[in-house]
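Structure first, then comments.
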Amino acid sequence: MVIVVASGKGGTGKTTFASNLALYLARKQHLCFMDLDVEEPNAHIFLKPEATSQYAVNKSIPEVDLQKCTFCGQCADLCEYNALAVIENDVMVFPELCHSCGVCQYFCPEDAISERDYEIGHIKVAELANIRFLEGNLNVGEITVPEVIHQVKDNIVKDGGIYLLDAPPGSSCSVVESVKGTDFCILVTEPTPFGLSDLALMVGVLKKLSVPAGIVINQYQEGQTIIDDYALKEDIPILARIPFDRQIAELYSTGIPFIEALDIYDDIFSGIIPQIEELLAK
Ligand code: SF4
Ligand code: SF4
């Protein structure tokens with residue numbers, strides 16, 4: 001089962017929830033946790049992986065053989081992303097802009113273009129007690145976020161286990177890449193008009209991708225029904241309500257997962273997977 005934890009905006013407690021859920025589940029079973037917030041991964045603050053290994057994430061970019069090239073300029077004209085510039089006796093490649101579409105290579109009349117690997121990031125891997133931890137990292141200055149996310153997700157295998165994915169915040173293309181192909185999405189939100197607005201954007205994305213969802217309301221206070229009303233209207237189940245609790249905020253500020261210090265919240269996490277299984281069975 002591949003479960004992605006997402007939020008329409010940053011600051012809703014998405015990673016806090018995902019990390020605490022992972023630690024709770026790991027008490028009884030092995031799972032794989034993937035931090036897909038590749039521009040600013042931070043789940044490691046709570047999960048504290050040690051002895052990480054890492055491998056590079058590459059994309060293909062063109063390499064021009066200047067002995068064959070006639071500097072006709074077709075490749076630069078055809079490139080949708082302005083990743084090529086043909087100047088007198090040279091073809092400049094801008095790797096950051098290249099989307100590895102292969103069009104320039106395909107249409108070069110002199111067969112002067114080949115491909116080479118270009119590193120855009122890396123993936124850290126670590127084994128914690130009962131958790132296989134993977135963290136995607138995009139190199140500074142690179143923009144092809146979805147490619148790094150895609151390569152982290154390549155580690156998902158159909159082995160019957162649980163994969164818990166921590167998506168980037170927002171509802172952009174990187175979130176779409178994180179969510180597509182998953183079995184279920186947990187949407188973490190806060191009971192405010194801003195939280196509702198961004199939640200609604202994510203619900204729209206999930207409908208387009210046909211991924212079922214449930215909502216977790218973070219920093220919940222009695223009487224705040226703004227998210228409940230929306231969930232009822234959209235027929236999306238509320239999986240859990242995490243109360244507004246100063247102790248959680250204090251633990252967060254020191255990088256301590258609250259599930260490890262406050263066992264009163266075990267009940268919240270124990271119900272998540274059974275509810276998802278029931279929803280998927282329907
Ligand atoms: S299309 Fe081929 S021959 Fe023409 S400028 Fe580009 S690399 Fe050179
Ligand atoms: S592979 Fe595609 S995006 Fe990259 S330089 Fe060639 S045409 Fe442009």
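The values are calculated or read from the model by the stated rules, or taken from the named source; none is laboratory data. Quick caveat, the model's predicted, so the values are computed rather than measured. Glycine also receives a Cβ, built like all others from the backbone with ideal geometry; neighbour counts cover every protein chain displayed.
Screening Leu36 with (1) in contact with a helix residue (DSSP H, G or I) (Cβ under 7 Å, 6 or more places away or on another chain); (2) surrounded by fewer than 24 Cβ atoms within 10 Å (Cβ to Cβ) gives one miss only, at (2). In the stretch 80-96, of all residues being touching a residue at least 24 places away in the same chain (Cβ under 8 Å) and over 16 Å from Ser114 (Cβ atoms), the one that is nearest to ligand 1 (Cβ to nearest atom) corresponds to Asp90.
Does at least one position in the stretch 98-111 carry a residue that is aliphatic (A, V, I, L, M), within 16 Å of ligand 2 (Cβ to nearest atom) and either in a loop (DSSP other than H, G, I, E, B) or in contact (Cβ under 8 Å) with a residue 24 or more places away in the chain (or both)? Taking every residue of the stretch 98-111 in turn, at least one turns out to be aliphatic (A, V, I, L, M), within 16 Å of ligand 2 (Cβ to nearest atom) and either in a loop (DSSP other than H, G, I, E, B) or in contact (Cβ under 8 Å) with a residue 24 or more places away in the chain (or both).
Okay, residues lined up against (1) in a loop (DSSP other than H, G, I, E, B); (2) in contact with a Gly (Cβ under 7 Å, 6 or more places away or on another chain):
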{"site": "Glu115", "(1), (2)": "no, no"}
{"site": "Ile120", "(1), (2)": "no, no"}
{"site": "Ile123", "(1), (2)": "no, yes"}
{"site": "Ile156", "(1), (2)": "yes, no"}
{"site": "Pro168", "(1), (2)": "yes, no"}
{"site": "Ser171", "(1), (2)": "yes, yes"}
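One residue stands out among those in the stretch 180-234 that are among the aromatic types (Phe, Trp, Tyr) and in a strand (DSSP E or B): the one that is nearest to the chain's Cα centre (by Cα), which is Phe184. In the stretch 85-101, the residue that is nearest to the chain's Cα centre (by Cα) out of those that are over 25 Å from Pro146 (Cα atoms) and charged (D, E, K, R) is Asp90.
Only a single item in (1) closer than 22 Å to Leu280 by Cα; (2) in a helix (DSSP H, G or I) is not met by Ala240, and it is number (2). Residues that are aliphatic (A, V, I, L, M) and away from ligand 1 (no atom under 15 Å from the Cβ) were ranked within the stretch 49-79; the one that is modelled with the lowest pLDDT is Ala51. In the stretch 255-272, the residue that is nearest to the chain's Cα centre (by Cα) out of those that are of a type in the set (Val, Ile, Thr) and assigned to a helix (DSSP H, G or I) is Ile272. The single condition among (1) over 30 Å from Lys233 (Cα atoms); (2) free of Cβ contacts under 8 Å to residues at least 40 places away in the same chain that Val145 does not satisfy is (2).
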